[in-house]
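Below is one structure, written out as structure tokens, with a few remarks after it.
The numbers here are math on the coordinates, done by the rules we state, and not lab data. Not measured: the values here are computed from a predicted model. Positions of Cβ are generated from backbone atoms using ideal geometry, with glycine treated the same way; all protein chains shown enter the neighbour counts.
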Amino acid sequence: MPLPEPIFARVGEPAIPIVLVKKAVADTWLAAQRPAVQTWARQTGWSGQLGNPLILQAADGSVSGVALGYGTGADRARKRFGVLANIATLPKATYTLTGDATDREKTAFTLGWALSQYHFDRYKSKAVDGPKLVPPSGVDVPRTSAVATGEALTRDLINTPSSDMGPDELEAVTRALADVHGARITVTKGDALLSQNFPMIHAVGRASTRAPRLIDMSWGMAGPALTLVGKGVCFDTGGLNIKPASSMGLMKKDMGGAAHVLGLAQMIMATKMPVRLRVLIPAVENSIDGNAFRPQDVLTSRKGLTVEINNTDAEGRLVLADALALADESPPDLMICMATLTGAARVAVGPDIAPYYTDDPLVSHAITQAGQDVLDPVWQMPFHDPYEAMIEPDIADLDNAPKGGFAGSITAALFLRRFVTQTARFVHFDCYGWQPASAPTRPKGGVGQGTRALFDALPKVLNL
Ligand code: BES
Ligand code: MN
Ligand code: ZN
């Protein structure tokens, strides 16, 4: 169980109150407490520091409340979800949030609490069991649960090693998700990719014993059309341009884009968002074998554009290109691509921010605003037209790996945009999908980036 079941304690269950105490009012708050509490706070150095809990005891020694430090505005800006940093250390009991927190603060706290409960325990013989929360009033519990469940799915899929998360298993997970929500699914697999004209998905995946495929899931009968496309490279060796050990070490996460769009799809379907959803996942393993695609091969894509392969490690844009071309043949109102596409994106913005591209200023405004609202930081990057020349080689229409590597995330984004010509609004996320060291609500390992922001922005973008 990645998340405890149920995620929250029942409303009405007896719960120990937690109050948030800002640093600025910590002294005043303390002055109103019993002398024993004041002494204990002084001796332990408690002064409302962000995430620092002061456990309050009844006369019989039992826990009667928690004053949870809420720090300053600057502290909270510096440490995302920092108020939840130590909740796992609270005595095992049931809590709730009281006091004068705003609905927005309560919602962030409740979501953060749920996300903090996530543990990747598939290979652990002993499961963890921590304190419980009764959701405070003013919080939309079904929505918060849907977001937490979607995020847990994303994390689980990324965390599962490639030996247990190949194209077969990614397909099985998608089928299971489709079953739960009554979605329709079709899969084009192996040589059928050639007869159905997905040549680049086939070329990238054909060297693996685990057959490449395109997974196509649809859900919802009415509303605007939304298509999500996620990179499902279940392991990226780099192919014949093999990655050095240091770079290959994390490549079980190269299906992170697929994990992101499935997590987002879970949020959308669980809350019955009134959209017609389509999810496309090219699922392949970028492997090495005698029949692997090679540097300098020229591939003809589904769209007809030819691509000179200058690095077999720039495989994500190839499999995505055929999936995007298919998506674009039935243009949705909005198309969103998510992919662990380039190391350059991580160099540009680091592991905590999801860089995204779009030509639509309204969409961009909504996503950036939502990212701030739900504590899921995103940053817009430019589809810089003058760099188009960088992806044009001498002998084909497109180059999959421009020399020099200038603006590597931008040139990859421009490459993808070439395959989306009929759809009015296109968004592409170049995500990292990995939390390098444990942080509040995010244990080390797979993590969703941008999905919560998107989920929040979609109703505005699609006028729902
Ligand atoms: N999956 C990688 C990108 C990646 C690397 C994402 C590290 C996150 C962390 C992708 O397939 C890749 O190898 N891209 C190359 C492209 C280059 C050869 C043009 C890269 O970024 O080095
Ligand atoms: Mn690669
Ligand atoms: Zn890759």
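If the segment from LYS444 to SER247 were pulled out straight at 0.36 nm per residue, it would be longer than the present Cα-Cα gap by 69.2 nm. Each of ASP456, ASP75 has some number of other Cβ atoms within 10 Å of its Cβ, and from fewest to most they run ASP75, ASP456.
Sequence-distant contacts, meaning Cα pairs under 8 Å at least 6 residues apart, place the relative contact order of the stretch 372-464 at 31 percent.
Fully extending the segment from GLU5 to ALA93, taken as 0.36 nm per residue of separation minus the present Cα-Cα distance, adds 30.1 nm. Rounded to the nearest 500, the 222 nm mean residue ellipticity of the chain from helices alone is -10000 deg cm²/dmol, with -39,500 (n - 2.57) taken per DSSP H run of at least 4 residues. Only Cα pairs under 8 Å and 6+ residues apart enter the sum, and on that basis the relative contact order of the chain stands at 15 percent. In percent, rounded to a whole number, the relative contact order of the stretch 16-139 is 27, using alpha-carbon pairs under 8 Å and six or more apart. Taking amide H as placed 1.01 Å from N in the peptide plane, LYS22 has its amide H under 5 Å from the amide H of TYR70, each at least 5 places away in sequence or on another chain. Among 282-292, 160-170, sorting by the average number of other beta carbon atoms lying within 10 angstrom of each residue, highest first, gives 282-292, 160-170. Expressed as a fraction of 2.2 N^0.38 Å, the C-alpha radius of gyration for the stretch 408-460 is 1.47.
Using the Cβ-Cβ distance between ASN463 and ASP100 with R0 set to 30 Å, the FRET efficiency from 1/(1 + (r/R0)^6) comes to roughly 0.30. The trypsin sites (Lys or Arg not before Pro) of the stretch 79-117 that meet both conditions, a loop assignment by DSSP and at most 11 other Cβ atoms within 10 Å of the site Cβ, are LYS92.
The tail of the calculated P(r) for the stretch 1-71, taken as Cα-Cα distances beyond 22 Å, holds 32 percent of the pairs.
Note on ALA24/SER137: beta-carbon distance plugged into 1/(1 + (r/R0)^6) with R0 of 30 Å gives a FRET efficiency of 0.70. Taking the Kirkwood radius as Rh and the Cα radius of gyration as Rg, the chain has a ratio of Rg/Rh equal to 1.02. Roughly how far apart, in whole Å, are the Cα centres of the stretch 118-136 and the stretch 160-202? Between the Cα centres of the stretch 118-136 and the stretch 160-202 lies a distance of 30 Å. Rounded to the nearest 0.05, the FRET efficiency derived from the C-beta distance between ASP289 and LYS124 at R0 = 51 Å is 0.90.
Ignoring lysines fewer than eight residues from LYS272 along the same chain, the ones with Cα atoms less than 18 angstrom from its Cα are LYS460. Segment MET221..THR72, full-extension length gain: 49.0 nm, with 0.36 nm per residue of separation and the alpha-carbon distance subtracted. Couplings 3J(HN,Hα) for the stretch 337-348, derived from phi with the Karplus relation 6.51 cos²θ - 1.76 cosθ + 1.60 (θ = phi - 60°), are 10, 10, 7, 7, 8, 9, x, 5, 5, 5, 5, 5 Hz, where x marks Gly and Pro. A simple charge model with +1 on the Cβ of Lys and Arg, -1 on the Cβ of Asp and Glu and nothing else charged puts the dipole of the stretch 16-139 at about 380 debye relative to its Cα centre. Each part gets one Cα centre, and for the stretch 24-101 versus the stretch 334-375 those centres are 35 Å apart.
Going from the fewest other Cβ atoms within 10 Å to the most, the residues PHE426, PHE120 appear in the order PHE120, PHE426.
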